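As structure tokens, the structure follows; a few thoughts come after it.
The values are calculated or read from the model by the stated rules, or taken from the named source; none is laboratory data. Bear in mind that the values here come from a model prediction, so they are computed numbers and not experimental data. In this analysis, Cβ positions are derived from the backbone assuming ideal geometry, glycine residues included, and neighbour counts consider all displayed protein chains.
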Amino acid sequence: MNRLLKHGMIRQIITKKLLVLITLCILLLLHGLWPGSLDTLSWFLIYSFILWGSLLVVMAVRSAISIFRYYRTDPSRAKFIFIRSILAVGILLGTFILVLDNIPVRASFLMFIKSFERRLPLESSVTNGLDSKEQWRQQYVGIWHVDERMIDSRGGIYFRIGKSMDGISPDQMSFGFVYQPNREGSPFGNAKYECYRITRKWYFFHASDDF
């Protein structure tokens with residue numbers, strides 16, 4: 001009997017709409033496992049934020065009306081509506097906070113950091129500032145496909161795992177991970193060059209070849 005009651009309560013709280021919201025948030029978190037995912041989805045995220053923000057306002061108003069309507073006649077239903085509303089807002093806000101703070105890519109990289117460390121070039125190559133492009137063959141490191149590993153004479157060993165158009169220009173954006181980067185630029189370009197810290201020595205970066 002208790003199990004049936006609990007099952008019925010869960011079904012009233014976890015509706016199809018809430019399951020759709022959870023699925024979309026999971027997909028967004030999975031997409032966030034790749035450096036530069038926010039850059040490629042910038043317009044999508046802006047429109048999504050406007051859309052979901054509007055939906056949240058509508059949901060909040062409708063929930064408030066429903067809670068007020070059922071508060072006296074059906075208190076249990078009002079309680080479930082309130083719980084669903086809190087869950088939806090918490091899931092949506094939590095997902096955006098995680099994605100905007102790049103938590104998925106930071107956490108996933110830490111799982112495979114040893115794989116990248118094993119693929120660092122010899123110290124002699126780094127000190128001589130040699131380009132390792134000829135020494136590197138495309139391969140998977142962890143869950144990422146690394147198409148190039150480059151040594152920058154200014155400092156940094158760069159593993160590129162993705163590239164895309166730089167807006168509507170013919171320039172190319174590169175994304176990936178970097179070991180001990182410099183502050184000036186990358187072998188893939190200096191424009192829009194930024195690094196984001198993961199550990200004391202490892203970062204993820206993006207850069208455009210619009211020198």
Being farther than 17 Å from P121 by Cα, over 17 Å from the mean Cα position of the chain (by Cα) and among the basic types (K, R), is that true of even one residue in segment 180-191? yes
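For segment 27-77, what are the residues that are of a type in the set (A, V, I, L, M), modelled with pLDDT of 65 or more and either touching a Pro at 6+ places or on another chain (Cβ under 6 Å) or under 26 Å from M173 (Cβ atoms) (or both)?
At the first step, the residues of segment 27-77 found to be of a type in the set (A, V, I, L, M) are 27-30, 33, 38, 41, 45-46, 50-51, 55-61, 64-65, 67.
Add one more test, that the residue is modelled with pLDDT of 65 or more, and what stays is 27-30, 33, 38, 50-51, 55-61, 64-65, 67.
Matches in segment 27-77: L27, L28, L29, L30, L33, L38, I50, L51.
Residue-wise test of (1) surrounded by fewer than 20 Cβ atoms within 10 Å (Cβ to Cβ); (2) in contact (Cβ under 8 Å) with a residue 24 or more places away in the chain; (3) of a type in the set (V, I, T).
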{"residue": "I161", "(1), (2), (3)": "no, yes, yes"}
{"residue": "S164", "(1), (2), (3)": "yes, yes, no"}
{"residue": "Q172", "(1), (2), (3)": "yes, yes, no"}
{"residue": "G176", "(1), (2), (3)": "no, yes, no"}
{"residue": "S186", "(1), (2), (3)": "no, yes, no"}
{"residue": "Y193", "(1), (2), (3)": "yes, no, no"}
{"residue": "F205", "(1), (2), (3)": "no, yes, no"}
{"residue": "S208", "(1), (2), (3)": "no, yes, no"}
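Please indicate, with yes or no, whether at least one residue in segment 164-177 is modelled with pLDDT of 90 or more and aliphatic (A, V, I, L, M). Reasoning before the result, please.
To start, the set of residues in segment 164-177 that are modelled with pLDDT of 90 or more comprises 174-177.
Okay, now just the ones that are also aliphatic (A, V, I, L, M), so none.
No, segment 164-177 contains no residue that is modelled with pLDDT of 90 or more and aliphatic (A, V, I, L, M).
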